[in-house]
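A.B. asks: This is the structure, below, for whatever I ask next.
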Amino acid sequence: MSLLKALDFSGKRVLVCGASDGIGYGVAKAFVEAGADVAVTGTRSACDYDNDFTAMEFHSLNIQDAAAVSGLAAKFERLDVLVNCVGSVLWSKREFEREGFEKIITINLTGAMQLCTEFFPLLQASQGNIVNIDSVASIRPALNNPAYSASKAGLVQLTKSLAMKWGRKGVRVNSLAPGMVSTKLTANQSSPEQQAEFATRNPVGRFGSPEDIAGGVLFLSSPMAAYVTGHQLVVDGGMTL
Ligand SMILES: NC(=O)c1ccc[n+]([C@@H]2O[C@H](COP(=O)([O-])OP(=O)(O)OC[C@H]3O[C@@H](n4cnc5c(N)ncnc54)[C@H](OP(=O)(O)O)[C@@H]3O)[C@@H](O)[C@H]2O)c1
């Protein structure tokens, strides 16, 4: 295939989980622009969000509910790309309590494993691929978020492990680590003052955007990355340097 056509996703079926808002919604919009048939998930109904989902197929999903994950997979007849943007964090040191720790591990890591395994048969049939969104917290732990940091570090190794297991079956599995992006997840770190202070320390000199992350996701899921698997692509403007 011509590399110039590699980012044309016409005829491809793409599912972006955790795409009600923020990074996932930006990734989903980029796939729509690239011609894909896009499905997305959020925990609530489409009408509960401010975003426009008319160009996408919307499904409600709470990844803590194993039966709901299986039920979502059962609704699909084919899939070429699975992007897992589902992610959650708890503040006020609640991740230091067992209940909070387990909740975040379930959402960010156990749920990711189930999504990958439930959709694997369809991805094998299409010789497709997976992109898991991890975090720079997998590299530099977040001070008050042990569950978030551990879950994202776990997601890196989960990605590599599945890449080894499924490589010969024709399914690539990669991850992408965003740096700082202003979303509801980072609302307490994204005030104009905080963004301006961050810009003085970040080598690229600004916060990232959902579009910055979408560029990396489209690359990893396209034929341009046909020989890339088990890779963590860090998209952080140099934050972790
Ligand atoms: N923003 C950053 O700076 C940054 C940096 C590094 C990594 N990340 C990662 O990027 C991904 C997207 O985060 P974001 O910043 O765009 O935040 P966001 O806007 O809050 O998006 C998180 C998504 O995950 C969904 N979600 C949360 N809990 C869920 C559950 N129990 N079951 C199913 N879906 C659930 C949310 O659905 P609802 O909207 O319905 O709650 C939403 O669609 C996450 O994995 C996050 O860890 C973000």
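No lab work stands behind these numbers, since they all come straight from the coordinates. Keep in mind the model is a prediction, meaning the values are calculated, not measured. Virtual Cβ from ideal backbone geometry, glycine too; neighbours counted across all protein chains shown.
A.B. asks: Check each of the chymotrypsin sites (Phe, Trp or Tyr not before Pro) in the range 80-132 and keep only those in coil by DSSP with at most 13 other C-beta atoms within 10 angstrom; list them in order.
C.D. replies: The qualifying sites are 91.
A.B. asks: Taking amide hydrogens as modeled 1.01 Å from N in the peptide plane, which residues meet the under 5 Å criterion relative to residue 132, leaving out close sequence neighbours?
C.D. replies: Here 84, 174, 175, 176 satisfy the definition.
A.B. asks: Net charge near residue 96: determine it from the other residues with C-beta under 14 Å of the C-beta of residue 96, scoring Lys and Arg +1 and Asp and Glu -1.
C.D. replies: Numbers: positive: 93, 94, 98, 103; negative: 95, 97, 99, 102.
Residues close to residue 96 contribute a combined charge of 0.
A.B. asks: Let me know the charge dipole size of the range 1-160 about its Cα centre in debye, to the nearest 20, where only the beta-carbon of Lys, Arg (+1) and Asp, Glu (-1) is charged.
C.D. replies: Details: 14 positive and 17 negative charges, 90 e Å.
For the range 1-160, the charge dipole is close to 440 debye.
A.B. asks: Which whole-Hz couplings ³J(HN,Hα) result when phi for each residue of the range 95-102 is put into the Karplus expression 6.51 cos²θ - 1.76 cosθ + 1.60, θ = phi - 60°, listed in order with x for Gly and Pro?
C.D. replies: 6, 7, 9, 4, 4, x, 4, 5
A.B. asks: Can you list which of the GluC sites (Glu not before Pro) found in the range 93-179 are DSSP loop residues with at most 15 other C-beta atoms within 10 Å? Spell out each step's value before the answer.
C.D. replies: Details: sites: 95, 97, 99, 102, 118; in loops: 97.
Sites meeting the loop and neighbour criteria: 97.
A.B. asks: Kindly express, to the nearest 10 degrees and within the range 0 to 90, the angle between helix 111-126's C-alpha long axis and the longest C-alpha principal axis of the chain.
C.D. replies: With both axes taken from Cα atoms, the answer is about 20 degrees.
A.B. asks: Ok, one more. Give the shape of the range 1-83 as rounded, prolate or oblate, defined through the alpha-carbon gyration tensor: a ≥ b ≥ c are the square roots of its eigenvalues, a/c under 1.5 means rounded, and otherwise the shape is prolate if a/b is larger than b/c and oblate if not.
C.D. replies: In terms of gyration-tensor shape, oblate.
A.B. asks: Which lysines does residue 184 reach when only Cα atoms under 25 Å apart count, and residues fewer than 8 places away in its own chain are ignored?
C.D. replies: 29, 93, 103, 152
A.B. asks: Among 201, 206, which comes first, second and so on when ranked by fewest other beta-carbon atoms within 10 Å? Don't skip to the answer; put the middle values down first.
C.D. replies: Numbers: 201 9, 206 13.
Ranked by crowding around the Cβ, least crowded first: 201, 206.
A.B. asks: Shifting gears a bit: Compute the angle between helix 22-33 and the longest alpha-carbon principal axis of the chain, please, reported from 0 to 90 degrees and rounded to the nearest 10.
C.D. replies: 30 degrees
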